[in-house]
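Heads up: the structure comes next, in structure tokens.
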Amino acid sequence: MTQEDKQLLLKDLCARLPYGVIVRHADSLIDSDGNDTGQFWYKRGYLYDVCKLDDMTTTIIESEGSDEEGYEHICFLERTLPYLRPMSSKKTEEEKNDWNSTPRNIVEHIDWYNAHHFDYRGLIEKGLALVAPEGMYGKEE
């Protein structure tokens, strides 16, 4: 991942933090001797925080749907991908009405896109986000 991609992902994840974005994160597989195998296993959870530790940017994810539900994982930013809705995805009637009642300024529209998990930055095409399965956020039809 290039530095430019990391910066773009960082900006996007920070903006989505208040809206309960779901992310897939990769944890390193550790062998029985405690050594990193260089392989990963993937989990899904809610983005809880983004912070800098020493010289690396990390994400903190609260796991869901497993025996580790509620457990916080600290992951490298570049191993964290948000699940987003493509801009072409269908809006529900409620979302259409909500969109039409949104004040006509760019900040309100960006907040609306973030709250409804739309990929207005093109992260999916860049490999920096995953397509959210239908119904993941409970708002899509």
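The table for this structure:
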read-out	value
The lone exception for residue 123 - which of (1) in contact with a His (Cβ under 6 Å, 6 or more places away or on another chain); (2) within 14 Å of residue 9 (Cβ to Cβ) it fails	(1)
Residues that are charged (D, E, K, R) and either surrounded by 10 or more Cβ atoms within 10 Å (Cβ to Cβ) or touching an Asp or Glu at 6+ places or on another chain (Cβ under 7 Å) (or both), drawn from segment 1-35	5, 6, 11, 12, 16, 24, 27
Which listed residue is in contact with a helix residue (DSSP H, G or I) (Cβ under 8 Å, 6 or more places away or on another chain), assigned to a strand (DSSP E or B) and among the polar types (S, T, N, Q), from 102, 58, 37	58
Condition check for residue 43: within 21 Å of residue 132 (Cβ to Cβ) and either touching a Gly at 6+ places or on another chain (Cβ under 9 Å) or modelled with pLDDT under 90 (or both)	yes
Residue that is surrounded by the most Cβ atoms within 10 Å (Cβ to Cβ), among those in segment 100-115 that are without any contact (Cβ under 8 Å) to a residue 60 or more places away in the chain and within 20 Å of residue 136 (Cα to Cα)	113
Checking residue 69 against (1) assigned to a strand (DSSP E or B); (2) surrounded by fewer than 16 Cβ atoms within 10 Å (Cβ to Cβ); (3) at pLDDT below 80, the condition it does not meet	(1)
Filter result for residue 135 (more than 25 Å from residue 10 (Cβ to Cβ) and part of a loop (DSSP other than H, G, I, E, B))	yes
Residue match in segment 6-21 (condition: at pLDDT 85 or above and in a strand (DSSP E or B))	no
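The values are calculated or read from the model by the stated rules, or taken from the named source; none is laboratory data. Because the structure is predicted, anything quoted here is derived from the model rather than measured. With ideal geometry, Cβ positions are generated from the backbone for all residues, glycine too; neighbour counts draw on all protein chains shown.
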